[in-house]
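Asks: Here's a structure for you.
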Amino acid sequence: MNGASSAPVEARGLAKRFGEIVAVVGADLTVEAGDVYGFLGPNGAGKTTTLRMMLGLIRPSAGTVRLFGRDPLLAGARALDGVAGFVEGPRFYPYLSGRKNLELLAAYDMLGARRSDLDSALDTVELADRAKDRVGGYSHGMRQRLGIAAALLRKPRLLLLDEPATGLDPAGMRDMRALVRRLADAGMTVVLSSHLMSEVEELCNRVAIISEGRVILESALSELLGSAEGRYRLEVTELERARALLGAHGIASSAERAGLVFSADPEQVAGLSIALGKAEIGITSLVPEAASLERLFLSLTEAPRDGSLASVPGGAA
């Protein structure tokens, strides 16, 4: 298989057990060139374990991974050509400067990085003015950005980042997102593991959701949000009577914040408003709700596992 023409990441049936503990079950993932791919799940869902298997840091119990068509377990370090990133946060010598840490990492990785390469990486992550300072004096956000600088020395086509914004203050999160966006705009493929819905919604064009070790959905973000269109919020003077009336019209609803939330097409909504008026139930508000990745995420990860995700684009049991 020609690695140059293959997808940056292809995982099929990927699984990992640690003794009796099942960490990942049958994960199927495909990351296409140019994607900013959000790997979304709650803490402990299996995101980091999956990334470790992708990078060949741990051996899968079952399944396969290909990076640009190469299997890390078979090709070894050659499979990581054009691949960089960090899992569970970067680590540095705190008593050395940021630049010296990068020099040591480049030498260890036999990258042959030139001074201009280090300067470029530090400029990209906006640490050039702190390059001579000891890393022990860096903020958490600066250390995260230095980790990305170290990854950039490999001149990657694929960048894997594990929770890069975790623990950052709002300004640090803003800076990290801006950095990821700049790298993506320059043509780099990015896999971004996160439990932050706002981060994924802002940055990613495709998303996979993992819950309890299972990838329960992989979809274009636009299709996923589009599947949530047609959702309305109703506030009335008599909630229970209104809920019964919706049920009589074949519309399922749920109570949220002193109102009812339901999905319907515009024709159904028009008929419903007339029916509520005839029943003398006062309508105080009837408005469409914007699609929300957070709401979709919670509905998928908290729903009972009945094996059916047919109504969600890209859904997989």
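Asks: Determine the percent antiparallel among the DSSP beta bridges restricted to the chain, to the nearest 5.
Replies: Numbers: 33 of 52 bridges.
That works out to approximately 65 percent antiparallel.
Asks: A further question on this structure: Mind giving me the nanometre distance, one decimal, between the label points for LEU57 and HIS140, set 7 Å out from Cα along Cα→Cβ?
Replies: With each label point 7 Å from Cα toward Cβ, the separation is 1.8 nm.
Asks: With +1 on each Lys and Arg Cβ and -1 on each Asp and Glu Cβ, how big is the dipole of the chain about its Cα centre, in debye rounded to the nearest 20? Could you put the intermediate results ahead of the total?
Replies: Numbers: 36 positive and 39 negative charges, 265 e Å.
Roughly 1280 debye for the chain.
Asks: For LYS16, give me every one of the lysines with a C-alpha distance below 29 angstrom, ignoring sequence neighbours fewer than eight places off in its own chain.
Replies: Those lysines meeting the cut-off are LYS47.
Asks: Give the cross-link partners of LYS132 among the aspartates and glutamates, using a straight C-alpha distance below 17 Å as the criterion and excluding same-chain residues fewer than 8 apart.
Replies: Excluding near neighbours in sequence, the set is GLU103, ASP117, ASP119, ASP123.
Asks: Now for a different question. Determine, from the Cβ-Cβ distance of ASP117 and VAL287 and an R0 of 51 Å, the FRET efficiency 1/(1 + (r/R0)^6), rounded to the nearest 0.05.
Replies: So, using R0 = 51 Å, E works out to roughly 0.45.
Asks: Compute a Gaussian network model of the chain, connecting alpha carbons closer than 10 Å, and tell me which residue from ARG145, ARG70, ARG231 fluctuates the most.
Replies: Comparing ARG145, ARG70, ARG231 in the GNM, the peak value goes to ARG231.
Asks: Another question, then. What FRET efficiency, computed as 1/(1 + (r/R0)^6) with R0 = 45 Å and r the Cβ-Cβ distance, is obtained for ALA252 and ALA186, rounded to the nearest 0.05? It would help to have the intermediate numbers written out before the result.
Replies: Working: r = 46 Å, r/R0 = 1.02.
Result of the calculation: an efficiency of 0.45.
Asks: Hey, what number do you get for the chain at 222 nm if only DSSP H runs of n ≥ 4 count, each worth -39500 (n - 2.57), divided across all residues, to the nearest 500?
Replies: Working: 11 runs with 107 residues, N = 317.
For the chain, the value works out to -10000 deg cm²/dmol.
Asks: Also, quick follow-up: Roughly how many nanometres apart are two label points built 7 Å out from the Cα toward the Cβ at GLU280 and VAL22?
Replies: Roughly 5.7 nm, to one decimal.
Each reported figure results from applying straightforward, stated rules to the coordinates on display, with no laboratory input. Model, not experiment: these values are computed from the prediction. A quick note on method: Cβ atoms are made from the backbone with ideal geometry, for glycine too, and the neighbour counts reach across all protein chains shown.
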